[in-house]
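Right, one structure below, let's go through it.
Just so it is clear, none of the values below were taken in a lab; they were calculated from the coordinates. Computed from a predicted model, the values in this text were never measured in an experiment. Counting neighbours? That spans all protein chains shown, and the Cβs are built from the backbone with ideal geometry, glycine included.
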Amino acid sequence: MNAPEKNMLLPDVQSSAETRGLEIGAVGIQGLRYPVKVRSGDRVADTVAQWAMTVALPAEVKGTHMSRFVELLQAQSGALDAAGFRGLLREMLGRLNAQSGSIEMCFPWFVEKTAPVSCVRSLLDHDVQWRASVSAEGLYALWLKVVVPVTSLCPCSRDISVYGAHNQRSHISIEVEVLEPIEVEDLIAIAERSSSCEVYGLLKRVDEKFVTERAYENPKFVEDMVRDVAAALNGEHRVGAYVVKVENFESIHNHSAFACIARPARGAS
């Protein structure tokens, strides 16, 4: 059997007529893992992101060109920061001949930490998400989300117990609308300052003593932590709307404690 000719004309089914008259708000790909370089401040790191990429499809168009989403990532070589991510979105809309759409990438971000007493160094991972969108009206929005592991110690348990207090690992999730450039590390710092104590990838015994006593001296309810983060964001001119969530993985219960504070976008009811 002869191999098909490269230049053979093949039917373009997705460009055929569409008669149902229904616009699709978002169509594209999700769950795609693809390598990417990410810039945060002066640091550039290689990581692997999970991508979701969609565009709006007019009622008269049958289908979008799914391969062009992957082609876009394959052509991307530079490190992405907030400006680069916005440019990637604009390029996607151009490739797909779309007026509106969104790109989301989720990836692990490692931060080098120094233990408080021994000064040993280790890496700590954080889940980060960038999400950019352009609406049908041409309005651009960029959101940054980071999930920060911390320690929390219960104030009530400390005050009623003779021998100690229950503490647990917690996750502080901060998702902000980016108005001006803000680094992932800035949000991590806000979360860690709002906790009973930071967590580390590697601790020696002298460090364990320090962080245990630090948490004991700085007890926080889940309500305290979510309010402290929100208060810090309220004083931050680089962010607009935000959603702050705190989950304590309780050490004396088989459930979590949870709190959330959200500030809507400007002009939203």
Please identify every one of the GluC sites (Glu not before Pro) in the stretch 45-99 that sits in a loop by DSSP and has no more than 12 other beta carbons within 10 Å of its own beta carbon.
Glu60
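Between Glu208 and His237, what's the calculated FRET efficiency when r is the beta-carbon distance and R0 is 41 Å? Round to 0.05.
Working: r = 38 Å, r/R0 = 0.94.
So, using R0 = 41 Å, E works out to roughly 0.60.
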With just the Cα atoms defining each centre, how far is the stretch 46-108 from the stretch 196-243? Give it in Å.
35 Å
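Contour minus end-to-end for Glu185 and Asn97, with contour as 0.36 nm per residue of separation and end-to-end as the Cα-Cα distance?
On the way: separation 88, 0.36 × 88 = 31.68 nm, distance 3.56 nm.
Contour length minus Cα-Cα distance gives 28.1 nm.
Any chance you could run the full-extension gain for Ser118 through Ser77? It's 0.36 nm times the residue separation minus the Cα-Cα distance, nm to one decimal. Please report the intermediate quantities before stating the final value.
Numbers: separation 41, 0.36 × 41 = 14.76 nm, distance 3.93 nm.
Net length gain for the segment: 10.8 nm.
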Subtract the Cα-Cα distance of Asp159 and Asn218 from 0.36 nm times their separation in residues, and report this length gain in nm to one decimal.
20.0 nm
Zone of Arg20's modelled label, taken as backbone nitrogen in the stretch 48-72 under 14 Å from a point 7 Å along Cα→Cβ:
57-64
Roughly what angle does helix 222-234 make with the longest principal axis of the chain, taking Cα atoms, 0 to 90 degrees, to the nearest 10?
60 degrees
To test your reading of the geometry: what angle, between 0 and 90 degrees and rounded to tens, separates the Cα axis of helix 184-193 from the longest principal axis of the chain?
30 degrees
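Going by how many other Cβ atoms sit within 10 Å of their own, how do Tyr34, Tyr200, Tyr140 line up, fewest first? Can you show the working numbers first?
Details: Tyr34 16, Tyr200 20, Tyr140 11.
Fewest-to-most Cβ neighbours within 10 Å comes out as Tyr140, Tyr34, Tyr200.
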Among Lys37/Lys209; Lys62/Lys245; Lys113/Lys220; Lys37/Lys220, which pairs are too far apart, with a Cα-Cα distance over 32 Å?
Lys37/Lys209; Lys62/Lys245; Lys37/Lys220
Scale the Cα Rg of the stretch 29-117 by the rule-of-thumb value 2.2 N^0.38 Å and send over the ratio, two decimals.
1.29
Table column - 3J(HN,Hα) (Hz), the stretch 205-216, Karplus curve with 6.51, -1.76, 1.60, x for Gly and Pro
4, 5, 6, 4, 4, 4, 5, 5, 6, 4, 5, 5
